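For reference, the structure discussed in these notes is given below.
The values are calculated or read from the model by the stated rules, or taken from the named source; none is laboratory data. None of these values were measured; they are calculated from a predicted model. No Cβ is skipped: glycine too gets one built from the backbone with ideal geometry, and neighbour counts run over all protein chains shown. Remember, those area values only see protein heavy atoms, side chains included, never the ligands or the DNA or RNA. Shrake-Rupley method; radii C 1.70, N 1.55, O 1.52, S 1.80 Å.
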Amino acid sequence: MSNWIIFGIGFIAQLLFSGRLVLQWILSEKSKKVLTPALFWWLSLLASFLLFVYGYLREDFAIMLGQALTYFIYIRNLQLQGQWQKTPKIGRWFLWIFPVLIVIYSYNNNSYDVDKLLKNEAIPTWLLILGIIGQVIFTLRFIYQWIYSEKNKQSILPIGFWILSLIGSILILIYAILRKDPVLLVGHLMGTIIYFRNIIISKNEVK
């Protein structure tokens, strides 16, 4: 597959990720408190799937790991908001099963090679470790948000979510620069600004 198609998939994913943040940011600025509209989670789910595909095509384990860990948390947040149940059953089954089918299909066609992903010659081991650490921290924000939301029985983005987002995003930015990955660079450059602004809004809300 040509590079422009691969990068195209990645940029569409990052555009969706950025779109959800801009939407959430504008709504939060208007209400003077952090909000999480249902569209935020729908855009997250679609973008996560596309970025997983992008990571696979780029043979980048760090990207794939980050998306694999958050995909089903996005679905859970839609369940907490009561939006998931409104989706046609066939659509829900597709979103649950399709990512798993891709992995099974790849294994059966000998195109999915874990050893190859972990030993990509274009990514030195130390750089891969940096990318994985950044993705893990970036992913922990949603695990933290998920636990927080489960306790409160509603989908909430607490201040800890934005702090972890900022730290993880900065590390991934460094990884993107060293990896020379324009998709990650563009996506997280805008994200760091919005994460920082949401931290300020969250602190003002507490006050």
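Name the helices (runs of 4 or more DSSP H) wholly within the range 123-206 that hold at least 2 residues that are touching a Ser or Thr at 6+ places or on another chain (Cβ under 8 Å), open to solvent by less than 10 Å² (accessible area, probe 1.4 Å) and at pLDDT below 90? Counting at least 2 such residues, we get 125-152, 182-206.
Being in contact with a Pro (Cβ under 7 Å, 6 or more places away or on another chain) and either in contact (Cβ under 8 Å) with a residue 40 or more places away in the chain or over 25 Å from residue 75 (Cβ atoms) (or both) is the filter here, so list the residues in the range 25-41 that pass it.
Within the range 25-41, none qualify.
Assess whether residue 76 counts as being within 23 Å of residue 164 (Cα to Cα), basic (Lys, Arg) and modelled with pLDDT of 75 or more. Spelling it out, residue 76 is indeed within 23 Å of residue 164 (Cα to Cα), basic (Lys, Arg) and modelled with pLDDT of 75 or more.
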